[in-house]
1. Given the criterion in contact with a Phe, Trp or Tyr (Cβ under 7 Å, 6 or more places away or on another chain), of a type in the set (Ser, Thr, Tyr) and not assigned by TED's automatic domain parsing to the domain that holds Ala382, identify the matching residue among Thr518, Thr525.
2. If you check every pair at least six apart or on different chains, which have Cβ atoms under 6 Å apart with a residue in the stretch 391-409 that is in the same structural domain as Ile423 (by TED's automatic domain parsing) first and a residue that is among the hydroxyl-bearing types (Ser, Thr, Tyr) and outside any helix (DSSP H, G or I) second?
3. Kindly indicate whether any position in the stretch 344-367 is assigned to a helix (DSSP H, G or I) and either touching a residue at least 60 places away in the same chain (Cβ under 8 Å) or within 25 Å of the chain's Cα centre (by Cα) (or both).
4. Scan the helices (runs of 4 or more DSSP H) fully inside the stretch 438-518 and keep the ones with 2 or more residues being under 34 Å from the mean Cα position of the chain (by Cα), closer than 21 Å to Tyr372 by Cα and of a type in the set (Gly, Ala, Ser).
5. Ile184 versus (1) surrounded by fewer than 21 Cβ atoms within 10 Å (Cβ to Cβ); (2) under 21 Å from Gly120 (Cβ atoms): which is the lone unmet condition?
6. Can you work out which of the residues in the stretch 406-436 that are outside any helix (DSSP H, G or I) and small (Gly, Ala, Ser) is nearest to Leu375 (Cα to Cα)?
7. Which ones in the stretch 314-338 are surrounded by fewer than 24 Cβ atoms within 10 Å (Cβ to Cβ), within 21 Å of the chain's Cα centre (by Cα) and outside any strand (DSSP E or B)?
8. What single numbered condition from (1) surrounded by 23 or more Cβ atoms within 10 Å (Cβ to Cβ); (2) more than 17 Å from Met553 (Cβ to Cβ); (3) of a type in the set (A, V, I, L, M) fails to hold for Leu300?
Amino acid sequence: MEINAFKIESMPNIPIAPERFFEIIGKNPSIIIYDIKNGSTSLYIHSDRSDTIMGDIENSIMGLKFNKDPNIISTNGAIITVIPYVKPLEKSDQHAFDDIFEMFKNTGFIAIISLPQDEGSIDSAKNIIEAELSGVETKKSAVLQKSKSSNISFQYDIFEGSEDAIVLNDILGSINFSMTKNGIIYKCFIAISSQPSDLINYVDSRIVAFKHDTIYPKSINDLILTLNKTESFLVGIDILKRFFGIYGHDKVEYIMPTITPKTSGDIELGSYLAKSVNLTQTPVQIQKETLNLGCIISGLPGSGKSREAMAIIDALYKSNSRTKTKIVVIAPTEEWDNFAISHNMNLLRLQKDMVPINFFRCPDNVDPQKFYTDLGMIIAAASTAGPYRDPIEKCLINAFRSIYKTTNNPNPSLVFDRINASIIKLHGKISNAGVKYTKHGENIKSSLEGLIEIISRREYSGANGIKLEELIEDGVVFNISNSGLNSRSYLYSLILNQIYAISSTYDNNGDTELRLLTCIEEAQTIFKDPKSPAVEDIKFKIQDFRKKGIGLMLLTHNIIDIDASIRRLCQTKIYLKQAPDIAPIISKDLIFTFCEEDDITKRLKNINSRVAAINYVSKDGNSKKTNETIFILTKDYPDIPISDSTPKNLCKAKYVAAPSDIETKITIAYSPDMEVMTDKIAKMRYLRINYFQETIFEITIKTNPIITKLIEGRDYTVELLDDKKRVIKREKIIAERDIRIEVG
């Protein structure tokens, strides 16, 4: 048989029953080593079934975890204490060597060696002890015969309280106790490293040692063979357990009673952890339509929240044989790219791939008024306008109202012009010196810089673009990792408003389906501020989504980054590792019947990566049941490697070419009705081209026509300036190869 070493990784916060520990080890020789040098406790088992035995120990003693240790400690030259004995200790939670790691730092070890003996040894051991005890009784009887009936001699007291009698009675009692537990008795030895020298004195102060010896075994196996041949008293489990302790452990696992789940459904969230710590083979599953009730996944970076979301969506794809769920993912990193490619989804890497999108296009069959009202609200929520958020929303709605009366597919530059005109109308004044804005107006203009940054890009600046409702048919991942922080919240808003608009076309008969699932990474970008109109709006949308068969999955690092009212509405909660100060808040979001809040908080502070506390909903017919919170080990969705030859831009919607640069000839044409050139026109010296009020081209007029490059189809403003750069003429143009500007 081989010897295998297992180092203790963690222990439960409740006392361990040593009897159970030794019952599971059974008739296999074992060694508990307190490695003072490395500050750890290890268990060596001499058995071909050591891995199975360790698994049984972990399943039986919840919270006790081991890692297989390839390093076997050398006991060569160790001093062996033969037949050690520990008197009963006053405190039940106290062990023989409970202060070993405090007294001795970074050196030495103590090994407790227990060698189970066969059944035939039990009777022999009891007979020897009983014979020894009968000798003590004979001495007591002789004393009693000599003493007077009214007085028991002092010599009797010596025999009655002698160390021999106490030890022998205790050993006999421990053997009898073992007979009722596991039927095994043991040869017990203690091996002590020769250094430091006072470690031997420490051990002698804690036990009664009958003999010391020094041996030089070639290996642990040789040590066991040698000690099995060594004469020794035998002891039962009740004495052996006094040596049992777990010292120098790295982690405490907090045990919590939870109800064993009875789950079923298409989506597996993970595997049940009994009492919050012990991994079982019980899968925790939900019906996919329960995601219509909202889902939030929260955890610190590296805790596994994105992998869990991928596992859920992967399960949706595998269960879509009957009804297909459309998937939308908005991600601020590239980690969803391979998922999109491996699942044949559309992948849009915004601000990297030249895929044209008009975020101001109202999707087909959508009420334009509802579309632009939501658009104004969600853009205002994404802005940095702070207390001026309401004024910016009013400016946006005022601009959109006039735009969407005439078109559902406005040019983004027209949208910006109308927004700017609305700001001037409500919060500014035009004078000969230009536009003077109020404090509100200045704040609104500056807060829209992120939006201008987006629609200034050539792929988002034209009226023609792909239809997002077509992308959704096959699923779509929006990778916005290339966007700047200033524009990221606007991208979230513009995409979400398109999804909201498309979902509004669904009927209200989707309670038993999951027609569309939108997964939003870093959801706090848009849903953090409780005063935000986007937060107020989503509270109503989540309730409406259930009827339409639409699920919303919010991912965030920290649960308090999502407004509490939204968290309450999300009925599937998957809370992974959080910052310790957040644990008390998490405990109020969860449902524990048998635990005090302090115990819940302690457990949540000590949670490992991929371990989650979850609330979930199960369905029984038409009824929905909110279940007791349980702990699971979440799914670890593997990152599927993608070949370098695989195209990374997978936009399968109807292709629309991004606008390109064209050589533009701008001709200044003088009116044929002009007989004499006015002084104003005579002073014309410069031509300037602006886009979104930013000058992109300026030249001294020396030739006519003037040649430049512009983006085809984009709206620009051309200005003719005098010698002091005052505007003589201003005209809107759409970039094409030949442009004519008339003056006079």
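The values are calculated or read from the model by the stated rules, or taken from the named source; none is laboratory data. Keep in mind it's a predicted model, so treat the numbers as computed, not measured. FYI the Cβ positions are ideal-geometry reconstructions off the backbone, even for glycines, and counts take in every protein chain you see.
1. On the way: Thr518 fails: in contact with a Phe, Trp or Tyr (Cβ under 7 Å, 6 or more places away or on another chain).
Going through Thr518, Thr525 in turn, just one is in contact with a Phe, Trp or Tyr (Cβ under 7 Å, 6 or more places away or on another chain), of a type in the set (Ser, Thr, Tyr) and not assigned by TED's automatic domain parsing to the domain that holds Ala382: Thr525.
2. Taking only residues 6 or more apart or on different chains, the pairs are Ile392/Ser383.
3. Filtering the stretch 344-367 down to residues assigned to a helix (DSSP H, G or I) leaves none.
No, the stretch 344-367 has no match at all.
4. Numbers: elements: 439-447, 449-455, 468-473, 485-503.
Passing ranges, in order: 485-503.
5. That leaves (1) as the condition not met.
6. Step one: filter the stretch 406-436 for residues outside any helix (DSSP H, G or I), giving 406-411, 428-436.
Next, from what is left, pick out any that are small (Gly, Ala, Ser): 428, 431, 433-434.
Numbers: Gly428: 23, Ser431: 31, Ala433: 33, Gly434: 30 Å.
Top of the filtered list is Gly428.
7. Result: Asp314, Ala315, Leu316, Pro332, Thr333, Glu334, Glu335, Asp337, Asn338.
8. Condition not satisfied by Leu300: (1).
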